[in-house]
Amino acid sequence: MPSPSIRSSSSSSSSVSYPAPEPPVILPEDYGEDGRPTSSGRPFLSNTPASDSTIEVHTLQHEYQLLVKLPGFSRDGITLATKRRRVLHVVADRWDNGGAHFERRVSFGYDADLGHVKADFHGDMLRITIPRRISPITSM
């Protein structure tokens with residue numbers, strides 16, 4: 001009969017494994033964080049979509065970067081908010097020339113530190129940086 005394996009106390013702390021964090025996900029516009037359709041699909045403002053606006057999500061070792069192309073928008077019309085410490089809400093509105101609206105929600109895994117979000121807006125590009133928390137596995 002084989003003998004049971006014995007672990008030393010120093011190896012037991014390094015054997016703890018956490019699941020990998022979920023990658024960021026751009027949520028559909030008509031669904032809430034819980035995956036259910038929102039109660040009202042009609043926005044308060046005119047829903048003229050921002051036709052050339054795009055969003056890209058990049059995962060780097062120590063941070064997430066969101067590159068949001070917002071042509072025709074100004075810094076004063078952009079709002080960032082966090083919901084439930086896991087979702088970043090990006091909203092941009094323009095009221096001149098018929099107006100336009102851009103709105104996206106991005107859901108992050110447990111490693112995103114949404115309490116320390118930084119953003120820069122230059123011309124028509126909004127760069128959002130979200131630091132990543134170091135997992136206990138990579139810190140050992």
Discussion item. Testing residue 29 on (1) among the acidic types (Asp, Glu); (2) within 20 Å of residue 134 (Cβ to Cβ); (3) modelled with pLDDT under 90, one condition comes back false. Which one is that?
Written reply: (2)
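Quick check, is residue 13 modelled with pLDDT under 90 and either aromatic (Phe, Trp, Tyr) or part of a loop (DSSP other than H, G, I, E, B) (or both)?
Answer is no for this residue.
Of the residues that sit in segment 115-140 and are aliphatic (A, V, I, L, M) and at pLDDT 95 or above, which one is nearest to residue 18 (Cα to Cα)?
Residues of segment 115-140 aliphatic (A, V, I, L, M): 117, 119, 125-126, 128, 130, 134, 137, 140.
Now restrict to residues that are at pLDDT 95 or above: 117, 119, 125-126, 128, 130.
Numbers: 117: 24, 119: 30, 125: 35, 126: 33, 128: 27, 130: 21 Å.
It comes out as 130.
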Response to the item:
residue 96 passes all but one of the listed conditions (1) in a loop (DSSP other than H, G, I, E, B); (2) within 17 Å of residue 119 (Cα to Cα); (3) of a type in the set (Asp, Glu); the exception is number (2)
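The values are calculated or read from the model by the stated rules, or taken from the named source; none is laboratory data. Only a predicted model underlies this, so the values are computations on that prediction, with no experimental measurement involved. For neighbour counting, all protein chains shown are included, and Cβ atoms are generated from backbone atoms with ideal geometry for every residue, glycine included.
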